[in-house]
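Contents: one structure, followed by commentary.
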2 protein chains.
Amino acid sequence: MTNQKTTRIPRMTLSRLPLYYRTLCNLADEGTRRIKSADLGTATQVEPTTIRRDFSYFGELGRSGYGYDVGHLIRIFGEILEVDEPQYLALVGVGNLGRALLKNNFRRNPNMAIVCAFDADPGVIGEEINQVIVQPMAELGATIASLQINTAISTVPSHSLQQVSAKLVDNGIRSILSFAPEPVILPEFVNMRYLDLTSEVLNLLLLSERGQAAVAK
Amino acid sequence: MTNQKTTRIPRMTLSRLPLYYRTLCNLADEGTRRIKSADLGTATQVEPTTIRRDFSYFGELGRSGYGYDVGHLIRIFGEILEVDEPQYLALVGVGNLGRALLKNNFRRNPNMAIVCAFDADPGVIGEEINQVIVQPMAELGATIASLQINTAISTVPSHSLQQVSAKLVDNGIRSILSFAPEPVILPEFVNMRYLDLTSEVLNLLLLSERGQAAVAK
DNA sequence: CACGAAATGTGACGAGTTTAACAAAACGGA
DNA sequence: TCCGTTTTGTTAAACTCGTCACATTTCGTG
């Protein structure tokens, strides 16, 4: 109890958990009961050794000469990912992308959903999309407080991102997924993640075409 | 000339270039002529040391006691990122997300654009979105061949991703950005990148809430 | 029950990446 | 021109992560 051997789980291992979880669920749906790291490797495109190492951080989940019990893995990872806990999200910015996210609304994940949306444009306020009514920014504080939301998705453009983010944090949001490319300066306890499509495409091109750029010294 | 010191640029450094480039452009727009790594660090949220190390791979770009010339950096990085070369993309899957991408169409990047779109649903084929007409899958090969496109964005659902990806590759696509969570098995020379929103949200939560998951040994 | 086959969990290594620390270089005011 | 200040570029060390290799464990058949 005192000597908690709280081995810190590597960041990269955590980032692969959603992939493992989803793949295992698919396998279970197809009736697969047991799996070995080699087969899970081909399904996830992750090296079998890496999979075994990843799994080992959560205990001895497998059996030598047998493999892993799919149901057991799903239970363990589901618990870590808290997939059973309802995860409600707020959306700020209901433009093209925001609207698409709202229409989709994590359909495949029964416990994850955008439950409120905000925008500054009077033209979209009041609009109902997929059972969510777009609210004005002024109501943001009251709504996310009453719904006890602490995670938000932002599709607001760069120029207002800093201001909007600050408002989100002031109202209790602790994790933000932003689709704007500009980094934002926020308190350390806020977890921010950026998903800039342009950067992603540029990176894709950069990493494929040229693995090197000659540097004459 | 013979002794090309082609220092291989680290992957992580390359992945930060778009961020540097964009931030520097913003600074230039505001009239900033020179910048030091410390200030660029606060703007990009990257450690100043890391910035200097990154820059050093491209030569001695700065001056001691002075900093970096913003315009010079923009020129260098713009060249590496080939921002002046037009980069045309194909889109497969014109659902909610695909439509949003098409409406946005990298408006802020004058040299990057989706120039053709494909879908299997007869309901959307023929529709014109932002000057792009949605074509049937059957025309994919001919169109991307004539436009000489080698990069695609896919928003097709998981169950058809493998098949669609294979078709893309058969027709000359070498880089794919996919919004479906399932990994795909493709030849090694294809560069694939996944952007699964559900995984991103789960990761966000995982990395923030609990930096550790106790493992009793 | 015994034994070969199968598959895990992990020590060790090495590649890749970040960071601290500092010498060298250039600035800019007096 | 001189000199203290500023800031770079880089060496060295720390850290993270992925993979090899293999001892160990368990399986499952005869």
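In table form, for the structure just shown:
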{"read-out": "Total formal charge among the other residues, if their Cβ is under 13 angstrom from that of residue A:131, Lys/Arg +1 and Asp/Glu -1", "value": "0"}
{"read-out": "Accessible surface of residue A:176 - all protein chains present, 1.4 Å probe, nearest 10 Å²", "value": "0"}
{"read-out": "Average beta carbon contacts from partner chains per residue of A:34-46, 10 Å cutoff", "value": "1"}
{"read-out": "Surface accessible to a 1.4 Å probe, residue A:121 within the full protein complex, Å²", "value": "80"}
{"read-out": "Descending semi-axes in whole angstrom, ellipsoid equivalent of the range B:159-205, from the Cα gyration tensor", "value": "23, 11, 8"}
{"read-out": "Chain A - percent relative contact order, Cα under 8 Å, separation 6 or more", "value": "12"}
{"read-out": "Residue of chain A whose Cβ sits closest to the axis mapping A onto B, with distance in whole Å", "value": "A:100, 2"}
{"read-out": "For the range B:25-104 versus the range B:115-149, the gap between their alpha-carbon centres in whole angstrom", "value": "32"}
{"read-out": "Environment charge of residue A:181, counting only residues whose C-beta is closer than 15 Å and scoring Lys/Arg +1, Asp/Glu -1", "value": "+1"}
{"read-out": "Semi-axes of the equivalent ellipsoid for the protein assembly as shown, Cα gyration tensor, largest first, Å", "value": "33, 28, 28"}
{"read-out": "Rounded D (µm²/s) - the range B:87-200, Kirkwood Rh over Cα pairs, Stokes-Einstein at 10 °C, 1.306 mPa s", "value": "113"}
{"read-out": "Mean Kyte hydropathy of -0.5 or more with a Cα span along the axis of at least 24 Å, helices from DSSP in chain A", "value": "A:11-29"}
{"read-out": "Residue B:112 long-range amide H proximity, modeled H, under 5 Å", "value": "B:87"}
{"read-out": "Rule-of-thumb Rg ratio for the range B:55-101 [Cα; 2.2 N^0.38 Å; N residues]", "value": "1.88"}
{"read-out": "Calculated label separations, residue A:189, copies of the chain, 7 Å along the beta-carbon direction, nm", "value": "5.4"}
{"read-out": "Per-residue average of Cβ from other chains inside 10 Å of A:179-186", "value": "3"}
{"read-out": "Heavy atoms of residue B:32: accessible area, 1.4 Å probe, square angstrom to 10", "value": "40"}
{"read-out": "Using alpha carbons only: equivalent-ellipsoid semi-axes of the range A:11-81, gyration tensor based, whole Å", "value": "15, 14, 12"}
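The values are calculated or read from the model by the stated rules, or taken from the named source; none is laboratory data. Source: prediction; values computed, not measured. So basically every Cβ, Gly included, is an ideal-geometry build from the backbone, and we count neighbours across all protein chains shown. Please note that ligands, DNA and RNA were not included when accessible areas were found on the heavy atoms of the full protein model with its side chains. Shrake-Rupley method; radii C 1.70, N 1.55, O 1.52, S 1.80 Å.
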